[in-house]
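Trainee: One structure follows; several queries about it will come next.
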Amino acid sequence: MSDTFKPFWPKDAQKNELTGLGDNPKRIDLGKPDAAAAELSETLQTIATNSLFTRLMLWGSRSASFALVWIVRPLVWWPLKALFHAIIWTNTPNENSRRNQKELERRWEIQRRDEDSRRYN
């Protein structure tokens, strides 16, 4: 393995060699970009930060997300939540409703018996 393995940056590489693909490429210092790339990045940053449209869009997206989260969502969510709780509350039997239902069933049974007794007497 040591015979076929060649390090990417050989120890004897000189700083004045040309860059490119080869057995001994020149080292590239990524911490120091070239002048053209630095100028382009500075221009793009200046355009992005100084653009009124960009500032307005960033401000609008922040305020829109704030409005959606804190104003629109509660206006939609609270009525739905209240409706859900009302449906659950109205459909949940309590002790009075159970007692009333038993009383109604008892009265119906008494009425049915009375009608049967009248029919057969």
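Throughout, read-outs are computed from the coordinates displayed, never taken from laboratory work. Treat the numbers as computed from the prediction; the structure is a model and nothing was measured. Glycine gets a Cβ as well: all are built from the backbone with ideal geometry, and neighbour counts include every protein chain shown.
Trainee: For ALA38 and ARG118 in the same chain, what is the full-extension length gain: residue separation times 0.36 nm, less their Cα-Cα distance, in nm?
Mentor: 18.2 nm
Trainee: Separate question: Find how much the distance from ASN96 to ARG55 grows on full extension, using 0.36 nm per residue of separation minus their present alpha carbon separation; answer in nm with one decimal.
Mentor: Details: separation 41, 0.36 × 41 = 14.76 nm, distance 6.25 nm.
Roughly 8.5 nm would be gained on extension.
Trainee: Could you give the dipole magnitude of segment 34-120 about its Cα centre, charging the beta-carbon of Lys and Arg +1 and that of Asp and Glu -1, in debye to the nearest 20?
Mentor: Dipole of segment 34-120, to the nearest 20 debye: 880 debye.
Trainee: Work through the residues other than ILE47 whose Cβ is under 13 Å from its Cβ and net out their charges, Lys, Arg +1 and Asp, Glu -1.
Mentor: On the way: positive: ARG55; negative: GLU39, GLU42.
In short, -1.
Trainee: Next question, about the same structure. Grab every C-alpha pair in segment 34-120, bin the distances at 10 angstrom width from 0 up to the longest one, and report whole percents.
Mentor: Taking every Cα pair in segment 34-120, the percentages come to 13, 15, 14, 13, 10, 10, 8, 7, 6, 4, 2, 0.
Trainee: Just the projected area, averaged over all directions, of the convex hull on the alpha carbon atoms of segment 69-117: how many nm²?
Mentor: Computed as one quarter of the Cα hull surface, the answer is 4.6 nm².
Trainee: Net charge around ASP114, counting only other residues with Cβ within less than 14 Å of its Cβ (Lys, Arg = +1; Asp, Glu = -1)?
Mentor: +3
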